[in-house]
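A.B. asks: Here it is: the structure, laid out below.
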Amino acid sequence: MRIYSWRWRVTRAHPTLYRVATVVVAISTAGATATLVRQAELRAEAWGPGREVPVATHDLPMGTVVADSDYRMEARPTTLVPAGAPSPTDPLVGRVIVSAVFEGEPLTVGRLGPDGVSGLSAMLPPGSVAMLVPGTAHLPRLEVGDAVELFGSDRSLGVGQTGPAPAARGGGVEPAGHSGTVLDVATDGSITVAVDARDASTVASAILDGSVLVALTHH
């Protein structure tokens, strides 16, 4: 017994009807495809023209010297390009990451040290200085990029401090000024901290008299 498909039977019995149905299906499919394409175009127009931005291929901790393998260029709508995104001609390789960038995040000028500046100098925020705190100080476990507060004894407090006079504080421990960011952690336990240049003399006094205490804090 022969079994004929539905399409074969319709084609033999009603060839004109079959051709018309085929054309209708083709037109419907083409129309639906054109609609989807147009909707995609409208969405793209709503986002604005695209622009290529550098995106981190993996986590880039503070202090990383950017290499070719650390980022890739991705096209993103202009409305999604973050402020400070480098232009395609801006040099990236060799610049230092001054604020951690996570995988998939765009690199921005604010997270990169100046071009041509290397080492700890590249990580210093404007108006700050780097100071070495010896490992003999009271230090918690710290990592590069940690935010810290520096404390010292009354006698190390200098000009610019606020609050009661030293005699009224009774020789206690008071802020030595001061917020900082860890730039480096040495194998001997000492750390290099970026502090506001206006606080440098106060922090230096606390370091020199051995009273400095470093506390980990939030950014």
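A.B. asks: Within a 10 angstrom radius of the beta carbon, how do 123, 131 rank from fewest other beta carbons to most?
C.D. replies: Lowest to highest Cβ neighbour count: 131, 123.
A.B. asks: State, to one decimal in nm, how far the label point of residue 109 lies from the label point of residue 187, with both points 7 Å from Cα in the Cβ direction.
C.D. replies: With each label placed 7 Å out from Cα toward Cβ, I get 4.0 nm.
A.B. asks: Compute the FRET efficiency between residue 58 and residue 121 as 1/(1 + (r/R0)^6), taking r as their Cβ-Cβ distance and R0 = 25 Å, and round to the nearest 0.05.
C.D. replies: 0.50
Taken together, the values in this text are just the output of simple stated rules run on the coordinates, not laboratory data. For clarity, every value in this text was computed on a predicted model and none was experimentally measured. Here Cβ is always computed from backbone atoms with ideal geometry, including for glycine, and neighbour counts include all displayed protein chains.
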